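Here's the structure we're looking at; comments come further down.
The values are calculated or read from the model by the stated rules, or taken from the named source; none is laboratory data. Small disclaimer: the values here were computed from a predicted structure and weren't measured. Counting neighbours? That spans all protein chains shown, and the Cβs are built from the backbone with ideal geometry, glycine included. Accessible surface is based on the protein model in full, side chains and every heavy atom, while ligands, DNA and RNA are left aside. Shrake-Rupley method; radii C 1.70, N 1.55, O 1.52, S 1.80 Å.
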Amino acid sequence: MGAPETVPEIAPGTVPDVFDPRIYASGIPHDRFRALRDHHPVARQEEYEVLGWPAGPGFWAVTRHADVVRVLKDAAGFSSYLGATQIRDSDPADLPFIRRMMLNQDPPHHGRLRRLVSRAFTPGRIERFADTARRRARQLLYAARESGDEVDLVRAVTDDYALLNLTDLLGVPASDRGLLHTWTERVIAYQDPDEPPVLDAGGRPVNPRSPAMLAEMFAYAQQLAAHKRAHPADDVMTTLATGELHDAELEMFFFLLTVAGNDTVRSAAPGGLLALAEHPDRRRELWEGKVGMDTAVDELLRVHPPVLSFRRTAVRDTELAGVPIAAGDKVVVFHASANHDERVFADPHRLDLARTPNPHVSFGDGPHVCLGAHFARLQLRILYEEVRAACADLELAGPPRRLVSNFINGIKSLPVRVEPCAPRG
């Protein structure tokens, strides 16, 4: 099964490497991030060839909370458009295509698209999905509990919970939901050995965000949009298909919602459950109602952010934490490090489900703050409430398997032993 190669240890006196995707197969590298925050808060990182992907020019790793927030808020100084938002540089021929996505645009163009799509994410529409999400969580947890004392919560619960909630919100027919899972895996897991890359004629891996790799998804988006225009419903795709978006914009929104909308909850949910399984005292506080679920959700997001990093490109020569940054340099913010910055969070490695304030950056900050954050928090709150109602106890039955990625903080397997609660009612 594609086990990651051994990652070299940190040599004394050197700048820790946080680029290698294999590092994250063992979890967030807190020792490396702490060393960077304390001694090299804006650190030069080599972008060497790894896992079949070619070398790049390198980048600046930003690890302190204040500097991460500054970069995310300053779209005029640190652009999402110039080089897009992935660490790896895109093929120059693909960059104009990739820049069409809202995620890879800067104000004011970004603001126009965000306003158009935000109309689809009304609080009322999202809240109407709460009952459906709760029923789904109960059904998945009941089936998992009935399958035996040990269960893989990712396979049995959280993967389906995230995907089916998203497809309900989008209005994707049940028969097509597997397609969304396949497309998401292709984009999110491209660094993972369990998801072998697609190679071009020269044997080089093809960017999963390139036009060739997204053609199938875009064709489906247009077919679904045409169906929604002929048969409108109370879902996001109907709103997008009957709105002011051009065809190319609609395709990119479908891609963004399918991948980001699915994987935010898909990554955060098992991460939160892992933290609860690893901290039985904190879990009992939540189970007994001694801490509120809303603050618990945010603390679980802080310790396990769904996204590890995002890239920006410096628009002009500038300085960050005393380090000169040249125009055109890649600047990569590490959410996972910022969320554990001792300068902002007291005892940051302690799971404090009542922590407030909790200014984590798990959903980003500034103009690109996650559009679906409310929807994600709602799903996570409902899931944790239903786990609390269904499981008197929750403990690990084996180590989790993590995604090999320097972008998504994913968990591929979470084996647990559950002690069922008494039946309801």
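Please work out the C-alpha center-to-center distance from segment 38-76 to segment 309-325 and express it in whole Å.
Rounded to whole Å, the Cα centres lie 9 Å apart.
With all protein chains present and a 1.4 Å probe, how do GLU244, GLU385 order by accessible area, largest first?
Solvent-accessible surface, decreasing: GLU244, GLU385.
Using a 1.4 angstrom probe and counting only protein chains, how large is the accessible area of LEU51 in Å², to 10?
50 Å²
Subtract the Cα-Cα distance of SER413 and HIS374 from 0.36 nm times their separation in residues, and report this length gain in nm to one decimal.
11.4 nm
Excluding ligands, DNA and RNA, what is the solvent-accessible area per residue of the chain at a probe of 1.4 Å, expressed in Å²?
Per-residue accessible area for the chain comes out at 41 Å².
Determine the order of LEU199, LEU163 by accessible area, beginning with the largest, at a probe radius of 1.4 Å.
Details: LEU199 100, LEU163 15 Å².
Descending accessible area places them as LEU199, LEU163.
To the nearest 10 square angstrom, how much accessible area does GLU185 have with a 1.4 angstrom probe?
50 Å²
I need the phi-derived Karplus couplings for segment 88-98: 6.51 cos²θ - 1.76 cosθ + 1.60, θ = phi - 60°, integer Hz, Gly and Pro marked x.
Taking θ as phi minus 60°, the curve returns 5, 5, 6, 4, x, 6, 8, 4, x, 5, 5 Hz for segment 88-98.
Straight distance only, please: which lysines reach the Cα of LYS330 with their own Cα at less than 22 Å, same-chain residues fewer than 8 apart left out?
Straight-distance partners of LYS330: LYS73.
Hey, can you grab everything whose amide H is under 5 Å from the amide H of LEU51? Only 5+ residues off in sequence or another chain; H modelled, so Pro and N-termini drop out.
Hits under the 5 Å cutoff: none.
What figure, in Å² to the nearest 10, do you get for the accessible area of LYS228 with a 1.4 Å probe and non-protein molecules left out?
Per-residue accessible area (LYS228): approximately 10 Å².
Residues in segment 291-307, backbone N under 17 Å from the label point at CYS421 (7 Å along the Cα-to-beta-carbon vector): list them, ranges by number please.
Of the residues in segment 291-307, 291-294, 296-297 have backbone N under 17 Å from the label point off CYS421.
Mind listing the long-range amide H neighbours of ILE408? Cut-off is under 5 Å, sequence gap 5 or more, other chains count too, H placed in the peptide plane at 1.01 Å from N.
Residues meeting the criterion, in which the H sits 1.01 Å from N, are LEU308.
For GLY58, what residues show an amide H to amide H distance below 5 Å, using hydrogens built from the backbone and excluding near sequence neighbours?
The answer is GLU47.
If you plug each phi of segment 159-173 into the Karplus form 6.51 cos²θ - 1.76 cosθ + 1.60 with θ = phi - 60°, what whole-Hz ³J(HN,Hα) values come out, in order, with x for Gly and Pro?
Those phi angles translate into 4, 5, 4, 5, 5, 5, 4, 5, 5, 5, 5, 6, x, 8, x Hz.
Provide the convex hull volume over Cα atoms per residue for the chain, in Å³.
147 Å³
Taking a quarter of the surface of the Cα convex hull of segment 111-211, what do you get in nm²? Intermediate results must be reported in sequence, preceding the final value.
Details: hull surface 39.0 nm².
Answer in nm², one decimal: 9.7.
Please report, as a whole percent, how much of the solvent-accessible surface of the chain comes from carbon and sulfur atoms (probe radius 1.4 Å).
53 percent
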